Amino acid sequence: MRRRRLYDRRRRWVWRWLGRAVLVGAGLWLAGFAVFVAVVAHATPPKPLPHADGIVVLTGGDDRVSAALGLLADRAAPLLLISGAGRGTYLGDFTADDAAAATHYAADITLGHTAASTIGNAFEASAWARLHQMRSLLLVTADYHMPRAIWLLHQHLPDVTLIAYPVRPPAMRTLLGFSTLRLLAAEYTKYLAVRSGLAGLIFEALGVRR
């Protein structure tokens with residue numbers, strides 16, 4: 001009987017501390033998430049925009065490619081990589097306006113066909129930057145995706161200056177909407193996984209696209 005009481009006491013103690021740990025972890029996640037949302041909400045391209053050796057745009061939204069082609073047309077950098085374009089994709093496969101711009105600057109544009117995730121984008125962009133011996137890059141992607149993308153690219157190109165050029169997609173125009181907050185929560189969790197170095201294990205376990 002005494003042993004049983006001791007066992008029950010220890011079990012209650014374990015569950016009490018587990019509950020406290022969960023509450024503390026949730027509180028820290030929420031605090032960090034609030035900071036993440038604030039950073040994304042105020043993300044804008046630098047003004048004036050510095051000249052760079054190259055532009056990298058991560059596919060996933062039409063606004064991103066349009067913005068990158070606009071930067072190339074303005075000669076913000078002499079070369080552009082469209083990373084994650086997908087196999088079998090060509091310059092003429094964009095929207096009508098983008099296709100015209102892409103065709104005009106075809107000699108300055110490289111289509112990356114191998115990347116299927118943000119980690120793949122980082123590998124693809126770093127190989128392209130090294131090939132052209134670049135020292136600075138303009139990185140174009142959605143504002144909510146920028147923290148994770150720039151962190152991953154920095155891991156592969158620590159000596160290259162990365163200049164964030166965030167683009168606000170239609171999904172982010174109402175920050176307090178349920179779907180937007182859900183998108184931000186998922187992206188923040190992915191960002192934490194990448195920063196912790198456990199991204200591969202966590203994404204594989206959850207079946208999440210990286």
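The values are calculated or read from the model by the stated rules, or taken from the named source; none is laboratory data. The structure presented is a predicted model; accordingly, all values stated were derived computationally and were not measured. Glycine also receives a Cβ, built like all others from the backbone with ideal geometry; neighbour counts cover every protein chain displayed.
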- Message: Every residue in region 184-203 that is assigned to a helix (DSSP H, G or I), modelled with pLDDT of 65 or more and not basic (Lys, Arg), please.
- Response: 184, 185, 186, 187, 188, 189, 191, 192, 193, 194, 196
- Residue ID - surrounded by the most Cβ atoms within 10 Å (Cβ to Cβ), chosen from residues in region 19-67 that are in contact (Cβ under 8 Å) with a residue 12 or more places away in the chain and of a type in the set (D, E, K, R): 64
- Item | Candidates 173, 130, 135 - the one that is under 18 Å from residue 45 (Cβ atoms) and either charged (D, E, K, R) or at pLDDT below 95 (or both) | 173
- Query: How many of the residues making up region 129-144 are surrounded by fewer than 24 Cβ atoms within 10 Å (Cβ to Cβ) and either farther than 19 Å from residue 117 by Cα or not charged (D, E, K, R) (or both)?
  - Reply: 9
- Message: With the requirement that a residue be part of a helix (DSSP H, G or I) and more than 21 Å from residue 171 (Cα to Cα), what does region 26-53 give you?
- Response: 26, 27, 28, 29, 30, 31, 32
